[in-house]
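The values are calculated or read from the model by the stated rules, or taken from the named source; none is laboratory data. For clarity, every value in this text was computed on a predicted model and none was experimentally measured. No Cβ is skipped: glycine too gets one built from the backbone with ideal geometry, and neighbour counts run over all protein chains shown.
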């Protein structure tokens, strides 16, 4: 297998030397060859290693034990940031995997929305955790994923490699955990502000989507959401090739404060981060003081939230939206953009609907929803 690793024509990357080890004897000889390369003239005496994932095993133990013998002057240097930066740039295959994952996240979010809509419209008492588990059970049925494949016309997709990254999250009733990796609690679903989050994977590549929904929202709530929506679009517009992440954060922060100075203390410390095989790349994070640059090929989980707001009736609520965003050379693709964020689509006037007898708000074409809120034909 090693013999088949031939250097491609016109290769201009770093020099790579493969060292074959004899599995029947000690690894000392192979490890010594590595240190001989490290000790060549005009090379810095630094050895990169990962502090968060140091690894285990016999070879690593032998390597560390021989480090002082062969390179007594060498310094161990954490190269986690370097690796994170390399992983943040996606090739075409990785972009395709995350695009499929994003479509799946949207597909699942569609069902999350229809389930909570049905529960509220039919006045079915249910909990956040039950809704999450009902969706999880749906995703485990083969017909659910087969319908996704048909809907998206993905003929070559391997359905066995689709999975949810965690239980879908539903939050309402004034209890909101804005951590992007939060979970649903056991409290009952209530008709006020509902935040839904979905995280899925395809071939281990992650995607995320977050939406907030308001029921019979007060005027102040609608105004706050409009600012959130505008700021989110502004933030995405600043994710251009060459932009400094700290500048993107500051520009978005200033945009929000200019709209409503009182929101300043309700903003998060970061507005998202790079994703891919890793669920969160801490090196490529949109926050103050991060001078890393955006570049084409990066994919971000962009999240914007306003925490602990108060409406005219003294109800404490939060708002949050998030999307998986691909940065291109001269534009951006919102990979989870099929789930609408428009105020007209996420704001439900239930009182008006009752007066006008508009009927059900959760009826889905070709899907029958049972009295317990579960989509039956799966």
| task | Go through (1) in a strand (DSSP E or B); (2) surrounded by 15 or more Cβ atoms within 10 Å (Cβ to Cβ); (3) in contact with a helix residue (DSSP H, G or I) (Cβ under 8 Å, 6 or more places away or on another chain); (4) touching a residue at least 40 places away in the same chain (Cβ under 8 Å) and name the single condition residue 308 misses. | result | (2)
| query | Looking at 266, 270, which is the one that is within 19 Å of the chain's Cα centre (by Cα) and free of Cβ contacts under 8 Å to residues at least 60 places away in the same chain? | reply | 270
| said: For the structure I just gave you, tell me whether residue 133 is surrounded by fewer than 17 Cβ atoms within 10 Å (Cβ to Cβ), part of a helix (DSSP H, G or I), in contact (Cβ under 8 Å) with a residue 12 or more places away in the chain and assigned by TED's automatic domain parsing to the domain that holds residue 204. | reply: yes
| task | For residues that are surrounded by fewer than 22 Cβ atoms within 10 Å (Cβ to Cβ) and in a loop (DSSP other than H, G, I, E, B), scanning just region 185-197, find the one that is nearest to the chain's Cα centre (by Cα). | result | 185
| Within region 198-207, is even one residue touching a strand residue (DSSP E or B) at 6+ places or on another chain (Cβ under 7 Å) and surrounded by fewer than 23 Cβ atoms within 10 Å (Cβ to Cβ)? | yes
| task | Return yes or no: is residue 226 over 30 Å from residue 314 (Cβ atoms) and part of a helix (DSSP H, G or I)? | result | no
| note | Within region 246-290, residues assigned to a helix (DSSP H, G or I) and in contact with a strand residue (DSSP E or B) (Cβ under 8 Å, 6 or more places away or on another chain) come out as 246, 248, 249, 252, 263, 266
| task | Could you please find all residues in region 245-259 being touching a helix residue (DSSP H, G or I) at 6+ places or on another chain (Cβ under 6 Å) and surrounded by fewer than 18 Cβ atoms within 10 Å (Cβ to Cβ)? | result | 255, 257, 259
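Listed here are the residues, each with its yes/no results for (1) surrounded by fewer than 18 Cβ atoms within 10 Å (Cβ to Cβ); (2) within 28 Å of residue 304 (Cβ to Cβ); (3) in contact with a helix residue (DSSP H, G or I) (Cβ under 8 Å, 6 or more places away or on another chain).
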residue: 66; (1), (2), (3): yes, no, yes
residue: 88; (1), (2), (3): no, yes, no
residue: 96; (1), (2), (3): yes, yes, no
residue: 108; (1), (2), (3): no, yes, yes
residue: 139; (1), (2), (3): no, yes, yes
residue: 148; (1), (2), (3): no, yes, yes
residue: 172; (1), (2), (3): no, yes, yes
residue: 178; (1), (2), (3): no, yes, no
| field | Filtered residue count, region 78-105, keeping only those that are at pLDDT 90 or above and touching a strand residue (DSSP E or B) at 6+ places or on another chain (Cβ under 6 Å) | value | 8
| said: Being in contact (Cβ under 8 Å) with a residue 12 or more places away in the chain and either part of a strand (DSSP E or B) or in the same structural domain as residue 301 (by TED's automatic domain parsing) (or both) narrows it down to one residue among 83, 100; which is it? | reply: 100
| said: So residue 226 ticks every box in (1) under 24 Å from the mean Cα position of the chain (by Cα); (2) without any contact (Cβ under 8 Å) to a residue 40 or more places away in the chain; (3) farther than 25 Å from residue 279 by Cα but one. Which box is left unticked? | reply: (2)
| query | When you look at residue 200, is it outside any helix (DSSP H, G or I) and within 22 Å of residue 274 (Cα to Cα), yes or no? | reply | yes
